[in-house]
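Heads up: the structure comes next, in structure tokens.
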Amino acid sequence: MTAHHHLSLKFTLMVFQSSVGQLENLVYLKDTYIIILKSFRELKNAIGAQTIDLDTGKWCKLNNVVMIFDEGHPLLYKFIQEFALTFNGKKWGHNGPYLVSTVVSRVTGRPGYNFIGPPPMAFYLVDWSKIGSLSTQFF
């Protein structure tokens, strides 16, 4: 991962935190390959799940690709704080999806840190691990 990518994520988190409240809710879409087919208007305080436990249906790992928060949600502050305290530019995902999962696992159950983690299919029609096989079918 390049330094540019890490600075970009830091800047995005800071803009996200300062912009919440200027809109009904703020939607952050990190990757440009997300095609929005439905309105996000009804989603409140949501973080897209990267993987789910097939037995329980609950998230195992979150990601930072889709995040939707209401004004003043404390998770945004915690994400920025974790980024500043534990930044590691040598590990892929440390400052992104792993950061989100780490912070959320620490605050789960604490008052005010409520959020939902819609399953991957809510945002990804095709699982990331199957993209390669699709490209050989169509190209």
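The table below lists the values:
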read-out	value
Above-threshold pairs, the threshold being 26 Å between Cα atoms, out of 58/130; 44/130; 38/58; 61/130; 44/78; 78/130	44/130; 78/130
Accessible carbon and sulfur surface of region 50-118 relative to its total accessible area, %, 1.4 Å	56 percent
Amide H within-cut-off set for residue 45, under 5 Å, with H built and near neighbours excluded	69, 70
Amide hydrogen neighbours beyond the local backbone of residue 52, cut-off 5 Å, H modeled	60
Total formal charge among the other residues, if their Cβ is under 12 angstrom from that of residue 52, Lys/Arg +1 and Asp/Glu -1	-1
FRET efficiency for residue 55 and residue 91, using Cβ-Cβ distance with R0 set to 35 Å, rounded to 0.05	0.75
Length gained when the stretch residue 42-residue 129 is fully extended (0.36 nm per residue, less Cα-Cα span)	28.5 nm
At most 15 other Cβ within 10 Å, DSSP loop - trypsin sites (Lys or Arg not before Pro), region 51-101	58, 90, 91
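The values are calculated or read from the model by the stated rules, or taken from the named source; none is laboratory data. Keep in mind it's a predicted model, so treat the numbers as computed, not measured. As a convention, Cβ positions derive from the backbone with ideal geometry for all residues, glycine included, and neighbour counts pool all protein chains shown. Note: areas computed on protein heavy atoms with side chains; ligands, DNA, RNA excluded. Shrake-Rupley method; radii C 1.70, N 1.55, O 1.52, S 1.80 Å.
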